[in-house]
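The values are calculated or read from the model by the stated rules, or taken from the named source; none is laboratory data. Just so it is clear, the structure is predicted and the values come from calculations on it, not from any experiment. Every residue, glycine as well, gets a Cβ built from its backbone with ideal geometry; the counts of neighbours run over all protein chains shown. Only protein heavy atoms, including side chains, enter the accessible area calculation; ligands, DNA and RNA are left aside. Shrake-Rupley method; radii C 1.70, N 1.55, O 1.52, S 1.80 Å.
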Number of protein chains: 2
Amino acid sequence: MPEERSRGWGVAIHGGAGAIPADIPPARREACIISLTAILEHGAQLLSRGSHALDVVEELVIRLENEPLFNAGRGAVFTSAGEHELEAAIMDGSTLDCGAVAGIRTVRNPIRLARCVMQQTKHIMLAGAGAEEYAESIGLERVEPSWFDTDHRRAELERYTEAPALLEQEGSTVGAVVRDSAGRLAAATSTGGMTGKMPGRIGDTPLVGCGTYADGGCAVSCTGHGESFVRHVAAHEVAVLARSSGRGAEGAVEQVLEAMPDSVGGIIAIDRESAPVALFSSRGMYRGRADSTGLFETLIHGEA
Amino acid sequence: MPEERSRGWGVAIHGGAGAIPADIPPARREACIISLTAILEHGAQLLSRGSHALDVVEELVIRLENEPLFNAGRGAVFTSAGEHELEAAIMDGSTLDCGAVAGIRTVRNPIRLARCVMQQTKHIMLAGAGAEEYAESIGLERVEPSWFDTDHRRAELERYTEAPALLEQEGSTVGAVVRDSAGRLAAATSTGGMTGKMPGRIGDTPLVGCGTYADGGCAVSCTGHGESFVRHVAAHEVAVLARSSGRGAEGAVEQVLEAMPDSVGGIIAIDRESAPVALFSSRGMYRGRADSTGLFETLIHGEA
């Protein structure tokens, strides 16, 4: 099959990029690596069994949302009003179908809701009370807002409230990009946003083309300073450059990170023929990559 | 100045693209043309006096929002719940600064709020109750939700409720793109969305890169079937193609409209050196174009 240049399945996941201190407490480091490894292994198993890219990114992001270590689903950061407002997006590169939600307070897994919006409504994006009413109407699992609380994020909000300028955002948005064994691409991203964000703020994560994008040539999920990813329409820019530059996803991600401010965050991406990419300009990025050639790694800083 | 290839100021505005019937009632046709002409003349005056592109797009969209004929601000369509949920975005191409709002119910001019989010907060996008609280905190003019009501849109909702599949959406989102006499580019778009939309639905208009985008080379505002513009990240795609194809804004808009479904809507755009562009694949588009070379036209169908 000379036309088929895909090199088999591949997957990258992230648990966020940001000012992750080099001296992160060993217990937290170990817990993050164990969690990322288990989730990445699950993705590799699904893909080696032939699962559809869209199902795999959803399943991996559900697991990342359920993991309280990361800033999505349980473990989400707090707004300046001390609440959670979650957002997520999912996109199928082979059809350009996509779904997104924002301002979610009671839906246990926002990425599930995003996929339902994509597949069961005529719309792409629902926010706030309308999105929650829709979740109720389709019977999606709801939780009390306090279910998302963790001590770690409460302490971050307290540090933010005392000195907003001093809090270095650790990020911890989660995401996944996948190429399945049939060569289909998909991307998904989910987050609580940034600690101390204004109520109602929507970041890059649920904005198609900004924090999340997939087409027939590239799937992309971003993490970091959301507003920078929005003004550069970063995820779509990566897909466009991967298509036009001849340098694939890796060259495209490098170029887009270089065009944005220093330390802005990180991007995971995968194209039709190369190893999955996970690059960042911030201090660290919780991340993992695996593919059908035997690549398997989970990292936090630049150890690779 | 051999480096300065701008041909002076230029402006395009739209009052939406969609299934505008060829036999639109003469009184409505005349009222629309009179309104577009007055607004375009105002833009031409501001630009010939040297106003900043960002100020001009905001001012023109405020006037289009205030005009009850169009689906933005007063005259906005109704959601399936019989309410208004307005959205808007504005972007300065010379800085990539941008602001956007969605789910607005009581702010008289959503585009003003979008500009305040851009210039006075650390965020780009605010939605729903948080956006309205912010509007309250800065003293922006508020109105009762019923202030946006018009008989024309109420009748559209009734037709939609009786037979959703039969209502041909007329569109009528509003927008403006400008190149000022210093060569700076800006874009702004505002809408009530689509008649009968689900509560909480966010369309392409306030999504940076989808319905609205501007960079140093091109400013873009879209109108039509919002979900199609989202999945194609249409406004950013136009800007990328204008930059890379050598065919400028006109060639880029043609290419992006061709890549989307038939009758999807229309796009206005302006680059650094050519006449403003207003093209559409739908039955019609309320539109106007003017520039410093003497171009001045307002049209609804393909009369040009």
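Partners of residue B:197 within straight-line reach, counting lysines whose Cα lies under 24 Å from its Cα and excluding those fewer than 8 residues away in the same chain: A:122. Dividing the Cα radius of gyration of segment B:98-239 by 2.2 N^0.38 Å, with N the residue count, gives 1.09. The mean number of partner chain beta-carbon atoms within 10 angstrom of a residue's beta-carbon across peptide B:257-269 is 0.
Distances between copies of residue B:302, taken at a point 7 Å out from Cα along the Cα→Cβ vector and listed shortest first: 5.7 nm.
Take each of the peptides B:114-121, B:180-187, average the number of other beta-carbon atoms within 10 Å over its residues, and list them starting from the highest.
B:180-187, B:114-121
List the residues whose amide H sits under 5 Å from the amide H of residue A:284, counting only those 5 or more places along or on another chain, with H placed 1.01 Å from N in the peptide plane. Excluding prolines and chain starts, which carry no amide H, the hits are A:18, A:20. Given R₀ = 35 Å, FRET efficiency for residue B:29-residue B:119 by Cβ-Cβ distance, to 0.05? According to the calculation, E is roughly 0.40. With its label point put 7 Å out from Cα toward Cβ, residue B:158 sits 6.0 nm from the same residue's point in the other copies, in order from shortest.
For segment A:79-142, report the % of Cα-Cα distances exceeding 19 Å. Value for segment A:79-142: 24 percent of Cα pairs lie more than 19 Å apart. In the elastic network of chain B, a GNM with C-alpha springs shorter than 10 Å, the most mobile of B:261, B:206, B:276 is B:261.
Working from the Cα coordinates of segment B:17-76, the gyration tensor eigenvalues give, after taking √(5λ), semi-axes of 25, 13, 9 Å in decreasing order. Simple point charges give the picture: +1 on the Cβ of Lys and Arg, -1 on the Cβ of Asp and Glu, and for the protein assembly as shown a dipole about the Cα centre of about 240 debye. Value of Rg to Rh for the protein assembly as shown, rounded to two decimals, is 0.97; Kirkwood radius and Rg both from alpha-carbon coordinates. The share of alpha-carbon pairs in segment B:165-221 lying farther apart than 13 Å comes to 64%. With labels modelled as points extended 7 Å from the Cα through the Cβ direction, what inter-label distance (nm, one decimal) is found for residue B:141 paired with residue A:159? Distance between the two pseudo-spin positions: 4.5 nm.
Rg/Rh, computed from the Cα trace of segment B:117-161 with Rh as the Kirkwood radius, has the value 1.16. Inter-chain neighbour count for A:278-290: the average number of beta-carbon atoms from partner chains within 10 Å of each residue's beta-carbon is 0. Nonpolar atom fraction for segment A:136-184, defined as the carbon and sulfur part of the 1.4 Å probe accessible area, stands at 49 percent. Shielding by partners for peptide B:201-214, expressed as the average number of C-beta atoms from other protein chains within 10 Å of each residue's C-beta, is 6. Remark: label point of residue B:38 defined 7 Å out from Cα along the Cα-Cβ vector; separations to the same position in other copies 6.6 nm, ascending. Here is the tail figure for chain B: Cα pairs spaced more than 33 Å apart come to 15 percent of all pairs.
The base-10 log of I(q)/I(0) for segment A:140-181, evaluated at q = 0.13, 0.23, 0.28 Å⁻¹, reads -0.50, -0.90, -1.02 [Debye formula, identical scatterers on Cα atoms, solvent excluded]. In this structure the protein assembly as shown gives 35 Å² per residue of accessible area when probed at 1.4 Å with all protein chains present. Were the residues from residue A:22 through residue A:243 laid out at 0.36 nm apart, the gain over their Cα-Cα distance would be 76.0 nm.
The Cα atoms of segment B:1-108 give a gyration tensor whose axes a ≥ b ≥ c have a/c of 1.5 or more with a/b no greater than b/c, which makes the shape oblate. Look at the dipole of segment A:6-62 built from charges on Cβ: of A:25, A:8, A:62, the Cα furthest out on the positive end belongs to A:8. Over the Cα atoms of segment A:192-304, what is the Rg over Rh ratio if Rh follows Kirkwood? Looking at segment A:192-304, the ratio lands at 0.97.
Of the GluC sites (Glu not before Pro) in segment B:245-304, the ones in a loop by DSSP (not H, G, I, E or B) with at most 13 other beta carbons within 10 Å are B:303. Excluding ligands, DNA and RNA and using a 1.4 Å probe, chains B and A jointly bury around 3100 Å² of accessible surface, summed across both partners.
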